[in-house]
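The values are calculated or read from the model by the stated rules, or taken from the named source; none is laboratory data. Nothing here was measured: the structure is a model prediction, and the numbers come from that model. Here the Cβ is made from the backbone with ideal geometry for all residues, glycine too, and neighbour counts use every protein chain on show. Accessible surface areas use protein heavy atoms only, side chains included; no ligands, DNA or RNA. Shrake-Rupley method; radii C 1.70, N 1.55, O 1.52, S 1.80 Å.
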Amino acid sequence: MTLTLPAHIHYRDQLLHIEDVALDRLAAEYGTPLFVYSEQSMLDALAAYQRGLAGREHLICYAMKANANLAVLRTLVQAGCGLDIVSGGEMARALAAGVAPAKIIFSGVGKTRQEMRDALGAGIGCFNVESTAELDVLDAVAREMGLRAPVSIRVNPNVDAKTHPYISTGLKDNKFGIAHDDVLRTYQHAAACSGLQVLGIDCHIGSQITETAPYLEAMDRVLDLVESIEAAGVPIHHLDFGGGLGINYQGDTPPAADALWLQLLQRIDARGHGHRKIVIEPGRSLVGNAGVCVTEVVFEKPGAHKNFLIVDAAMNDLPRPAMYQAFHQIVPLRSDLARPAHTWDVVGPVCESGDWLGRDRTLAVQAGDHLAVLSAGAYCMSMASNYNARARAAEVLVHGSQARLVRRRETSADLLQAETGL
Ligand code: LLP
């Protein structure tokens, strides 16, 4: 496979750079494992959506579960994004990043009463509600507070997003959304609740989607529903089509965000819904290809059946291979090293056979050299854990030739701090 590097990541003088910063300098300064993000890459990814939706009333709510670092959030918020949150913790982070509460939407199947109260109190823009039980509790909480909760109902369009089963969410067997046949009834119920104000309709069919067809299919089903809901006397203001657009990990060819939205808007217009506000919740496609994880080779462990390259990043830092058998490209930081190439399984130090980052990779490196795991901007640091009492990595944001530490490396003391009762 020929190596295609994501935008803003390139070799210059045989050293891997993000924008104008050499990654080996950052590894020396901040240690490894280290996440490094290109600000320009995120802004370019956002600009593609903004071009696609230009001239329409719209709100792009970055799904912050993909990467919730405050500096990442602030970059996207300052460029115009709202935020899609799924917990009280994300709300606190969203507010700390300075987003206007009215530009927050709250997704997720299991919001607690306390999370509802806090979000209502903060004045968020919309709750994306996923069940009748949730609607009823939200109605009661809002009435107790003397407020009306802005809601959109998440529908499950039963569309195959053609992605990994763990990240597919729009099939009728998934726990998400309200089944197509129950949607009209649920809207009528919501419209009759004095603590609720119906604003829109919402769907999200999955993640790492690389084709346009599932979006069009889901859109048609959502628009069918909008027509019947409005015919029943419940006005729908906005259409929220969720996130899900994929990125290139391994020769994947998702549509560009602007090209995708050109097609989707054509369909919306053709069906007579062009006047509606569009809301979207992209996560991975804004940040995924903007990040790398730099790691150092600790040991080489050649064997009769397999050669293992043991590195200092692990499944607790980069959980996607272990969880979804996901592929991330792995490349050396220096391309000028005269090392023999071998085929390696790149693995971490965690005590699990599932702790691998890449399998059967041809790499010309040896212990002490550094590697970069690519496309590590989304669902890596945000899913990192402290398994094996491993402190989480540091994060650096690069802007041109400037690099700044945006999260310091955790320490063992940080990990001990919350525990009591000895
Ligand atoms: N909106 C909702 C309601 C979602 O559940 C998600 C992702 C998004 C938006 C953003 O989707 P995106 O644009 O990032 O595809 N950990 C998995 C991905 C889980 C996605 C969960 N929901 C992975 O690493 O592939």
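Computed values, structure above
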item: Loop-resident sites, region 364-422, for GluC sites (Glu not before Pro), counting at most 16 other Cβ within 10 Å (DSSP); result: Glu410, Glu419
item: Debye log10 I(q)/I(0) at q = 0.06, 0.08, 0.11 Å⁻¹ for the chain, Cα point scatterers; result: -0.27, -0.47, -0.85
item: Rg/Rg_globular for region 360-422, with Rg_globular taken as 2.2 N^0.38 Å and Rg from C-alpha atoms; result: 1.49
item: In order through region 9-18: 3J(HN,Hα) via Karplus (6.51 cos²θ - 1.76 cosθ + 1.60), integer Hz, x for Gly, Pro; result: 10, 7, 8, 10, 6, 6, 10, 6, 10, 10
item: Å³ per residue enclosed by the Cα convex hull of region 107-282; result: 114 Å³
item: Protein-only accessible surface order, largest first, of Met323, Met116 at 1.4 Å; result: Met323, Met116
item: Mean Cα-pair separation over length for region 81-222, i.e. relative contact order, pairs under 8 Å, 6 or more apart, %; result: 22 percent
item: Segment Met323-Asn388, length gained on full extension (0.36 nm per residue, minus Cα span); result: 21.7 nm
item: Listed residues Asn289, Asn69, Asn386, most fluctuating in the chain (Gaussian network, C-alpha, under 10 Å); result: Asn386
item: Sequence ranges 15-28, 353-366, ranked by mean other-Cβ count within 10 angstrom, highest first; result: 15-28, 353-366
item: Residue-by-residue Karplus 3J(HN,Hα) for region 93-110, coefficients 6.51, -1.76, 1.60, Hz, glycine and proline x; result: 5, 4, 5, 5, 7, x, 6, 5, x, 5, 9, 9, 10, 10, 9, x, 7, x
item: For the chain, built as a Gaussian network whose Cα springs stay under 10 Å, the top-fluctuating residue of Asn156, Asn307, Asn248; result: Asn307
item: Among beta bridges that DSSP assigns inside the chain, antiparallel share in %, nearest 5; result: 45 percent
item: Region 129-161-region 356-422 distance, computed between alpha-carbon centres (Å); result: 37 Å
item: Amide hydrogen neighbours beyond the local backbone of Asp84, cut-off 5 Å, H modeled; result: Tyr62, Ala63, Met64, Ile105
item: Modelled FRET efficiency - R0 41 Å, Thr362 with Ala256, Cβ distances, 0.05 increments; result: 0.85
item: Accessible area in the full protein assembly, largest first, 1.4 Å probe, for Glu134, Glu352, Glu39; result: Glu352, Glu39, Glu134
item: Residues of region 264-285 with amide N under 17 Å of the 7 Å Cα→Cβ point at Arg56; result: 264-283
item: Whole-percent carbon and sulfur share, accessible surface of region 107-282, 1.4 Å; result: 50 percent
item: Average accessible surface area per residue within the chain, 1.4 Å rolling probe, Å²; result: 41 Å²
item: Ser87, Ser401, Ser107, reordered so the largest accessible area comes first (probe 1.4 Å); result: Ser401, Ser87, Ser107
item: Neighbourhood charge, 14 Å Cβ-Cβ cut-off, centred on Val311 and excluding it, Lys, Arg +1 and Asp, Glu -1; result: -3
item: For region 332-344, 3J(HN,Hα) per residue [Karplus equation, 6.51 cos²θ - 1.76 cosθ + 1.60, θ = phi - 60°, Hz, x = Gly/Pro]; result: x, 6, 10, 9, 9, 7, 8, 10, x, 7, 9, 9, 10
item: 5 angstrom amide H check on Phe308, placed H, neighbours 5+ away; result: Lys301, Gly303, Asp345
item: Probe 1.4 Å - accessible area at Arg267, Å² to nearest ten; result: 70 Å²
item: Over the chain, relative contact order from alpha-carbon pairs under 8 Å, at least 6 apart, %; result: 20 percent
item: Whole-Å distance, taken between Cα centres, linking region 202-230 and region 248-288; result: 11 Å
